[in-house]
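Remarks on the structure that follows.
The values are calculated or read from the model by the stated rules, or taken from the named source; none is laboratory data. From a predicted model like this one, the values you see are computed outputs, not experimental measurements. Backbone-built Cβ (ideal geometry, glycine too); neighbour counts: all protein chains shown. Accessible surface areas use protein heavy atoms only, side chains included; no ligands, DNA or RNA. Shrake-Rupley method; radii C 1.70, N 1.55, O 1.52, S 1.80 Å.
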Amino acid sequence: MGIATTQTTKYSGKRNRLERPELLAPAGNLEKLKFAVHYGADAVYIGGQKYGLRSNADNFSFEEMKEGVEFAARYGAKVFVATNIYAHNEDIEGLEQYLRSLQEAGIAAIIAADPTIIETAQRVAPKLEVHLSTQQSTMNWQTVQFWKDEGLPRVVLARETSFEEIEQIKQHVDVEIEAFIHGAMCSSYSGRCVLSNHFTDRDSNRGGCCQSCRWKYDLHDEDEALYEEDSELFTMGSKDLCMIEYIPELIDVGIDSFKIEGRMKSIHYVATVVNVYRQAIDAYFADPQGYEVKQEWLDEINKAANRPLNTGFFLDTPGAEDHIYDAEEKAAPYDFAGIVYDFDERTSFATLQQRNHFKLGQEVEFVGPGGRFFKQTITEMTDMDGNLLEVARHPLQYIRVRTLKPVEPMDMMRKKMK
């Protein structure tokens, strides 16, 4: 279930402010933030305890934010906070203090859609940049100009924006443009959905989306089912966005920040996707004329994919083939199995924390930042007391595994699913 290659034209958008595009990664908790930064993100976006659209993510306390900011700073990276709900009256109480606390924690910017949150941040926390959220569905240069005039240095475009529309925006307005280049696509218009509200009383635009578009449905004509009783139910879900084959076009059109979706996704997903885009961006700037998409990048992306992939709205309006109607086939045939914590060069044993069941004789892959990668069969492993093990079956257990090559802390080990 790979990525289809399609030829497209080059665009001559102008660059503004940023020398090269920022790679912006999601982080649902502090551990994911550290992996995103370690694997190459220039910035991460997170959620706090209030005002974000991912209430089911772990989200961050102010103490965790401070730790995340300090960790990111060691890599020269920044931390943004999503405050992108559409606020009701009862949401406003405490907003000023919340924004001041974000500023005190060292957060570089908030991502906001509600004008009240935007104005309040500008007034009470002036050191916080305010980036316009994709929730505003911004797709034309005049609206971008409006928000620039309101003092916003960056606009996150709607996911429905095409290459041609981005080119026109960059030609008319000198402002940073952020665009989603990888991850889930919402079946509704820029995420403003009320199915969740009606089905479960969970407000999509206040962080409670139950992802009802991905439920299994049947069709009925009044009381009569239109399908046989044993037929497959279907979803309304979109295929996931993936622009790894279009790095030169994304750069040429002038996008300043390449945004990856997925604050609810796993460490393996975030680190793998960031790792691939980091390599691709760096390879392009190292040699623009000789740049080529590498097959190993496509292979890695597909190992992290949850659903089939396409190019969203960048090239053309998606059709029926860009949605998932049948029983969903998982694209990734790999399981995240462990995280490296230490490596003993003398014995060639790596200390791992188990994240999924694995055993002796099983083929695994080790992956690290910058494209470090190798395969091996597990030939020997012990617990921390030196007792031989045949199976790693206990969640989060620390285990020593003999490796064929040196590994480093925060490298990942994965296994192929049967």
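Could you run the Debye sum over the Cα atoms of segment 34-180, one equal point scatterer each and no solvent, and tell me log10 of I(q)/I(0) at q = 0.20 Å⁻¹, two decimals?
These q points yield log10 I(q)/I(0) values of -1.26.
Farthest toward the dipole's positive end in the chain, which of VAL364, CYS186, ILE85, given Cβ charges of +1 (Lys, Arg) and -1 (Asp, Glu) about the Cα centre?
VAL364
Quick one: 3J(HN,Hα) in Hz for segment 398-408, Karplus 6.51/-1.76/1.60 with θ = phi - 60°, rounded, Gly and Pro as x.
Coupling constants for segment 398-408: 8, 9, 9, 10, 6, 10, 6, 9, x, 10, 10 Hz.
Considering only protein heavy atoms and a probe of 1.4 Å, how much of the accessible area of the chain is carbon and sulfur, as a whole percent?
Using a 1.4 Å probe with all protein chains present, the chain comes out at 47 percent carbon and sulfur.
If you count only protein heavy atoms and use a 1.4 Å probe, how large is the accessible surface of VAL175, to the nearest 10 Å²?
Taking all protein chains as shown, VAL175 has close to 10 Å².
Could you tell me which of the pairs LYS66/LYS359; LYS216/LYS294; LYS127/LYS294; LYS32/LYS405; LYS50/LYS78; LYS34/LYS375 are separated by over 31 angstrom between their Cα atoms in the structure shown?
Beyond 31 Å: LYS66/LYS359; LYS216/LYS294; LYS127/LYS294.
Could you point to the residue in VAL407, LEU315, ALA158 farthest towards the positive end of the chain's charge dipole, with +1 and -1 charges on the Cβ of Lys/Arg and Asp/Glu respectively?
Sorting the options by dipole projection puts first VAL407.
To the nearest 20 debye, what is the magnitude of the charge dipole of segment 63-135 about its Cα centre, counting +1 on the Cβ of each Lys and Arg and -1 on the Cβ of each Asp and Glu?
380 debye
Within 10 Å, at most 11 other Cβ atoms, and a DSSP state outside H, G, I, E, B define an exposed site. Report the longest part of the chain free of exposed GluC sites (Glu not before Pro).
The segment 94-221 is the longest one with no such site.
How big is the charge dipole of the chain about its Cα centre, in debye rounded to the nearest 20, if each Lys and Arg gets +1 on its Cβ and each Asp and Glu gets -1 on its Cβ?
In total the dipole reaches around 1520 debye.
Given (1) 64, 60, 51; (2) 64, 63, 39; (3) 88, 46, 39 as candidate values of Cα extents along the principal axes in Å, which corresponds to the one derived from the coordinates?
Among (1) 64, 60, 51; (2) 64, 63, 39; (3) 88, 46, 39, the one calculated here is (1).
List every residue whose amide H lies under 5 Å from the amide H of PHE374, counting only residues 5 or more places away in sequence or on a different chain, with H placed 1.01 Å from N in the peptide plane.
Placed amide hydrogens put PHE366 under 5 Å from PHE374.
Any chance you could give the angle, 0 to 90 degrees and rounded to 10, that helix 295-304 forms with the longest Cα principal axis of the chain?
80 degrees
Computed over the Cα atoms of segment 314-418, what is the convex hull's projected area averaged over all directions, in nm²?
9.2 nm²
So what does HIS394 come to for accessible area, using a 1.4 Å probe and Å² rounded to 10?
Looks like 100 Å² after rounding.
Output the 0 to 90 degree angle, nearest 10, between the alpha-carbon long axis of helix 163-172 and the longest principal axis computed from the alpha carbons of the chain.
Value to nearest ten degrees: 50.
In the chain, once you exclude exposed chymotrypsin sites (Phe, Trp or Tyr not before Pro) (DSSP loop, at most 15 other Cβ within 10 angstrom), what's the longest stretch remaining?
Maximal segment without exposed cleavage sites: 76-188.
Suppose every Lys and Arg Cβ carries +1 and every Asp and Glu Cβ carries -1, with no other charges. What dipole size does segment 281-418 come out with about its Cα centre, to the nearest 20 debye?
580 debye
Which listed residue (GLY48, LEU396, THR120) has the Cα farthest towards the positive end of the charge dipole for the chain, taking +1 on Lys and Arg C-beta and -1 on Asp and Glu C-beta about the Cα centre?
About the Cα centre, the residue reaching furthest to the positive side is LEU396.
Around ALA112, what is the net charge, scoring Lys/Arg as +1 and Asp/Glu as -1 over all other residues with Cβ under 12 Å from its Cβ?
Computed value for this residue: -3.
Need the C-alpha centroid separation for segment 362-398 versus segment 264-305, integer Å.
24 Å
Could you work out [θ]222 nm for the chain from helices alone, using -39500 (n - 2.57) per DSSP H run of at least four and dividing by all its residues? Round to the nearest 500 deg cm²/dmol.
So the helix-based figure for the chain works out to -7500 deg cm²/dmol.
Quote the relative contact order of the chain in percent (integer), defining contacts as alpha-carbon pairs under 8 Å separated by 6+ residues.
Over the chain, the number comes to 16 percent.
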